[in-house]
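This report concerns only the one structure given below.
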Amino acid sequence: MMLDAGGEDEEKWLAEGIAGLQHNAFYMHRALDSNNLRDALKYSAQMLSELRTSRLSPHKYYELYMRAFDELRKLEMFFKEETKRGCTVIDLYELVQHAGNILPRLYLLCTVGSVYIKSKEAPAKDILKDLCRNVSWVFNIPFVVSSLGVISLKSVGISCLILVRSMKDGGNWCGWLGNLEHASVGKRHCMIATQKGMVARDGDGVIDAVEFVLQNFTEMNKLWVRMQHQGPVREKEKREKERSELRDLVGKNLHVLSQIDGVDLDMYKETVLPRVLEQVVNCKDDLAQHYLMDCIIQVFPDEYHLQTLETLLSACPQLQPTVDIMTVLSQLMERFCPSFFKWKLFSKLSHAIGKVIDSQPDMPIVGAISLYVSLLTFTLRVHPDRLDYVDQVLGSCVKKLSGKPRIEDNKATKQIVALLSAPVEKYNDIDTALKLSNYPRVMDHLDHSTKKVMAVVIIQSIMKNNTHISTADKVEALFELLKGLIKDMDGTQDEELDEEDFKEEQNSVAGLVHMFYNDDPEEMLQIICTVRKHILLGGPKRLAFTVPPLIFSALKLVRSLQGHDGEAVGEDVPTTPKKIFQILNQTIEALSSVPSSELALRLYLQCAEAANDCDLEPVAYEFFTQAFILYEEEVADSKAQVTAIHLIIGTLQRMNVFGVENRDTLTHKATGYSAKLLKKPDQCRAVYACSHLFWVDDQDGIKDGERVLLCLKRALRIANAAQQMANAARGSAGPVSLFVEILNKYLYFFEKGNPQITSAAIQGLIELIVTEMQSDNSTARPAADSFFASTLRYVQFQKQKGGAVGERYEHIKV
Amino acid sequence: MNYLIGAFKPPCHIKITYSDAKTRKQASIKKENGQMTMVPLFYSQETIGGEVSIEPFHGKKVEHIGVKIELLGQIELYFDRGNFYDFTSLVRELDVPGEIYERKSYQFEFSTVEMPFESYNGVNVRLRYILKVTVSRNYVSNIVEYQEFCVRNYTPPPTINNSIKMEVGIEDCLHIEFEYNKSKYHLKDVIIGKIYFLLVRIKIKNMELEIRRRESTGSGPNTYVETETLAKFELMDGAPVRGESIPIRLFLSPYELTPTYRNINNKFSVKYYLNLVLVDEEDRRYFKQQEVTMYRLLENQ
């Protein structure tokens, strides 16, 4: 309904407009009939004032305009006759400019202008220039110069696509369409004109034509850019859409320029391109810049571009930052691809860019870099095989950056990241990037945090593509790139590091370590040494993340050597497990010196086990020693001690390389530590775990039943003590579950055939537990109860099963 | 009735003709009744000469005690109506006392008359030049006839004529720079200039250039100032954006301008101003007024 109401209003306004127009037209006709110039001007101006409205929709406005346009034709005839009667056209030209309002003034000016041009009293180009200059200062009339387009065609034989816009009320699109028609008409005329060589015949004519189209282009582009600022903000999106639909109209100017016969390379170079670029740069509008750059590249021939590369490129850094220069340039470069030898092109481009940058010392660094980025993109696309080109581009970039302070500019940094990412992305293979000698030198110019970002990008690329880095040299080079992650940079200590970010970074480094691999043990050792060298610089916080992967990587190597034992033995082979273990020992030592003793302890144990597998008793012993020392000196937390002691026991149990003496020493130590734990239950559990140290099933040598029993008895004693302590301290019974656990150990060794473990002892223990449980009914212990119950059920089950084991159980009564 | 009218009519008809009436240029002036009329045009230091003819009506005789012609330059202030201030007064005696029976002609001449001021017809003041023929009589009132003529004075083009250039604005809202090519314009001149928008944060609807005339009369506490807008010339229709440069080309010939008069005989002065007005969408007006000096350039030069 609102719309209908609006429509009615519009009808009303249109009717009013037409009525006003006809009223004044009537008086104008009377004046024309009586040859009264003064009145004719007065009434025609009043008539045209009806067009000043901004209330009408384009459609309605067009209707009004067409009526006024018809009247103007009559006026034009009158002016023509007037000049025959002796009134000079220049006087007329001045007279119409007396009109107070701009819109009637311009309509009248164009009408007289048409007569003026035809009179040939002044050069057409001067008149057109004068008219054009006036056009842009009215922003809400759509049609003023549509007739001019035709005039100029007829008179000068050049095309002009005069764009007159209507913007005050969001655009009178009929106006646009009207001009579009004229534009296409204009183009046809232009084609005819140029084909007949009308323009080309006369040197001055070409210049006039070019000059006119250029000026037209400038004004048109200004209007086009301005459109976005007109009207309410909420319709911005709509306007942008409309704008991009209209862009061809602007672009047509460039097309026309390229069609004019007389525009040769020289003129293009001297006049056309600089003027067009000036406008493109100055309009500061990304949509326009992107489109127009594209247009320039598309409409003019390759040869021109080749000859003017420098000019074209020098405009690029001046464009708005949002304009994707790379796309623009790569379009340009793609155009060259089929038509020229590639090598020639690269050197030419590279030369041009270099010259542009050298010639503009005050060009912002970001501009220079963005040029290099586009050159690099081009190179990667056209010469993916020419790594030296890529390196050359990076090299020139380094040259440009050298001597400059570290880059603070955010945009420049972004551009460098783009520059560095391009080859990594292109080759999907860091190997290639590592061959670029200038790569790290470019990276040096980044600030720390960006360096890190870049490093993460590189690592991600490696991980994603599952690239194996197979030589120490490459590893060296890679670490040079990843410096930012590997070690602290000067002056960054104060920086607040986000804990999680840091973890993530270091985790990725850790992951990266696993990507270094070579089948050749010697090379692999080299790699490991290199990695070690770098990560040891990382400082306490990093070591915890980076050492473990290194250790495991090395252990992997050890195991692979183990596999080739037969062939690889020999004094002259430098890569022996022994040697590796030495390195490992030192590495872990570094870790233990920072407060990561628990981690170090685990790693020692891992190494010990590996040494065990390699039959290197002294090495394994040394590792254990280190582990024990750590335990004694560094592991203070009781919980950590419990965990550590269990780890030690577990590892030690599996060791088979030790001689009796060594083993005794170690087991003795372990048992000793176990008994010295802080909490009784912990002591108890550790001690009964120690029992396994003396009874290893698959090792004949180690079946010392007596010491097993000793351990278990000791555990029992501790459990008892724990019980009493609990009673004394809390007045309630302690943990019966400890007894049940010990019972289970008894049963285990009983089944394994340890002669020291007798059924009587088991029987006794069961009874003890039963008594304990009965004596304390106060507290509910469902876990301990059911544990005990299942243990008993197991005994039952074994009894019923019969066989050798069943027989042994016979004497146990449940 | 005719007789009665005749009784009070002056007994003779007095006619003043200029010796070069046919070739002399004429200018239009506004008469007291508001109608325009054409009068001869003189310049300072020209010689004004001609003939006065006195023709008694059908057989009447005119007795007089002398006939004289005066050239008067008068300033008339309207608020002081009736009081003419004569700044120039020249007299030529044409006849000795006697009687006139039939048409009688007298030649007169004021040679190289100094007429320093131009004729002017303003809101509150009028400056005019007249030739006044007086037939003095005894007992009865004198017979007087006026003839007004127009005086204009040319000024040579000024040797120094700087452009007017200025940056004005409202902080963080609107900054413009305007330029008029000269500070002194002749009456048929063209004002060329431009307005450059340095900053536009308000929605400007249109912009126009006004020519204003400021006439001040009297002195001291009795000063009357009257300002008229003689021209409104639209420069721009629509909203400009930053960086826009709007050209000005304003022909002065259509407007009725006079030269700038500064302190004419301590009675009045007339000054001209260019007023640049910007109107925003809420019809607020922003303006900047600049004085320009108008002068009269010798035509055909």
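The values are calculated or read from the model by the stated rules, or taken from the named source; none is laboratory data. In this text the structure is predicted, and so the values were computed from the model without any measurement. All Cβ positions, even for glycine, are placed from backbone atoms using ideal geometry, and neighbour counts span all protein chains on display. When the accessible area is computed, the model is the full protein with side chains, heavy atoms only, and any ligands, DNA or RNA have been set aside. Shrake-Rupley method; radii C 1.70, N 1.55, O 1.52, S 1.80 Å.
Let's test the formula: R0 of 30 Å, r as the Cβ-Cβ distance of B:LEU297 and B:GLN45. What FRET efficiency results, to the nearest 0.05? Step by step, r from the Cβ atoms, then E = 0.95. Here each label is just a point 7 Å from Cα along the line to Cβ, and for A:GLU499 and B:VAL123 those points are 8.2 nm apart. Cβ-Cβ distance of B:LYS30 and B:ILE170, R₀ of 35 Å, FRET efficiency by 1/(1 + (r/R0)^6): the value works out to about 0.25. Counting Cβ atoms of other protein chains within 10 Å of each Cβ in B:243-251 and taking the mean gives 4. Restriction of the GluC sites (Glu not before Pro) in the stretch B:152-259 to DSSP coil positions whose beta-carbon has at most 15 other beta-carbons within 10 angstrom yields B:GLU171, B:GLU256.
Out of the stretch B:133-186, which chymotrypsin sites (Phe, Trp or Tyr not before Pro) are coil in DSSP terms and have no more than 10 other C-beta atoms within 10 Å? All intermediate terms of the calculation are to be shown ahead of the outcome.
Details: sites: B:TYR139, B:TYR146, B:PHE149, B:TYR154, B:PHE178, B:TYR180, B:TYR185; in loops: B:TYR139, B:TYR154.
When the chymotrypsin sites (Phe, Trp or Tyr not before Pro) of the stretch B:133-186 are filtered for loop state and at most 10 Cβ neighbours within 10 Å, B:TYR139 remain.
Taking both sides together, what accessible area is buried at the B/A interface, probe 1.4 Å, expressed in Å² and rounded to the nearest 100? Walk me through the intermediate numbers first.
On the way: alone 16810 and 37710 Å², together 52720 Å².
Interface area, both chains combined: 1800 Å², rounded to the nearest 100.
Sorting A:287-295, A:522-530 by their mean Cβ neighbour count within 10 Å, with the most densely packed peptide first, gives A:287-295, A:522-530.
Around the Cα centre of the stretch B:12-152, unit charges on the Cβ atoms of Lys, Arg, Asp and Glu (plus for the first two, minus for the last two) sum to a dipole of about 400 debye.
Partner shielding of B:227-240 amounts to 5, given as the average count of beta-carbon atoms from other chains within 10 Å of each residue beta-carbon. Among the listed pairs A:LYS60/B:LYS232; A:LYS669/A:LYS703; A:LYS703/A:LYS813; A:LYS60/A:LYS80; A:LYS426/A:LYS474; B:LYS165/B:LYS194, a Cα-Cα separation exceeding 21 Å is found for A:LYS60/B:LYS232; A:LYS703/A:LYS813; A:LYS60/A:LYS80. The phi torsions of the stretch B:224-240, fed into the Karplus equation with coefficients 6.51, -1.76 and 1.60 and a -60° offset, translate into couplings of 10, 10, 10, 10, 10, 9, 8, 8, 10, 10, 6, 9, 7, 10, x, 8, x Hz, rounded to whole numbers, with Gly and Pro shown as x. DSSP loop (so not H, G, I, E, B), at most 13 other Cβ within 10 Å: list which GluC sites (Glu not before Pro) in the stretch B:83-143 pass both filters. Sites meeting the loop and neighbour criteria: B:GLU102, B:GLU114.
Of all the Cα-Cα pairs you can form in the stretch B:12-152, what percent are over 20 Å apart? Before the final figure, lay out the partial values.
Numbers: 4926 of 9870 pairs.
That tail contains 50 percent of the Cα-Cα pairs.
Given q = 0.13, 0.14, 0.19, 0.20 Å⁻¹, what are the Debye log10 I(q)/I(0) values for the stretch B:164-295, with equal point scatterers placed on the Cα positions and solvent ignored? The calculated log intensity ratios at q = 0.13, 0.14, 0.19, 0.20 Å⁻¹ are -0.59, -0.66, -1.04, -1.12. Once the C-beta distance of B:SER269 and A:LYS80 is scaled by a Förster radius of 30 Å, the resulting FRET efficiency is 0.05 to the nearest 0.05. Spin-label model, A:ASN282 to A:ASP519: label points 7 Å out along the Cα-to-beta-carbon direction sit 6.8 nm apart.
Ranking A:LEU765, A:ASN727, A:GLY753 by how far each Cα lies toward the positive end of the dipole of the stretch A:635-765 (charges on Cβ) leaves A:ASN727 at the top.
By how many nm would the segment from A:GLU632 to A:SER402 grow when fully extended, if each residue of separation counts as 0.36 nm and the alpha-carbon distance is taken off? All intermediate terms of the calculation are to be shown ahead of the outcome.
On the way: separation 230, 0.36 × 230 = 82.80 nm, distance 5.38 nm.
Length gained between A:GLU632 and A:SER402: 77.4 nm.
Note on chain B: dipole from Cβ charges, positive end direction compared against B:SER136, B:GLN45, B:THR155; the farthest Cα belongs to B:SER136.
Averaged over its residues, the stretch A:1-122 has an accessible area of 50 Å² per residue, based on protein heavy atoms and a 1.4 Å probe. Computed packing ranks the peptides B:247-253, A:395-401 as A:395-401, B:247-253, most packed first, by mean other Cβ atoms within 10 Å. The alpha carbons of the stretch B:234-290 give a radius of gyration and a Dmax of 16.1, 49 Å, in that order. Other residues with beta-carbon under 9 Å from the beta-carbon of A:TYR688 carry, at +1 per Lys or Arg and -1 per Asp or Glu, a net charge of +2. Altogether, the Stokes-Einstein calculation at 20 °C and 1.002 mPa s, with the Kirkwood radius of chain B over Cα pairs as Rh, returns a diffusion coefficient of 94 µm²/s.
Using the crude model of +1 on Lys and Arg Cβ and -1 on Asp and Glu Cβ, and no other charge, please compute the dipole size for the stretch B:95-198 relative to its Cα centre, in debye to 20. Before the final figure, lay out the partial values.
Values: 12 positive and 14 negative charges, 58 e Å.
Its charge dipole is roughly 280 debye.
For the stretch A:94-102, 3J(HN,Hα) computed residue by residue from phi via the Karplus equation (6.51, -1.76, 1.60; θ = phi - 60°) reads 6, 4, 5, 7, 6, 4, x, 9, 6 Hz, glycine and proline entered as x.
Once you charge only the Cβ atoms, +1 for Lys and Arg and -1 for Asp and Glu, what is the size of the charge dipole of chain B about its Cα centre, to the nearest 20 debye?
Details: 40 positive and 40 negative charges, 69 e Å.
Charge dipole, chain B, about its Cα centre: 320 debye, nearest 20.
Computed on the stretch B:164-295, with alpha-carbon pairs under 8 angstrom and 6+ residues apart, the relative contact order is 29 percent. Simple rule: put +1 on each Lys or Arg Cβ and -1 on each Asp or Glu Cβ in the stretch B:164-295, find the dipole, and look at B:ILE170, B:LEU187, B:LEU250; the Cα lying farthest toward the positive end is B:LEU187.
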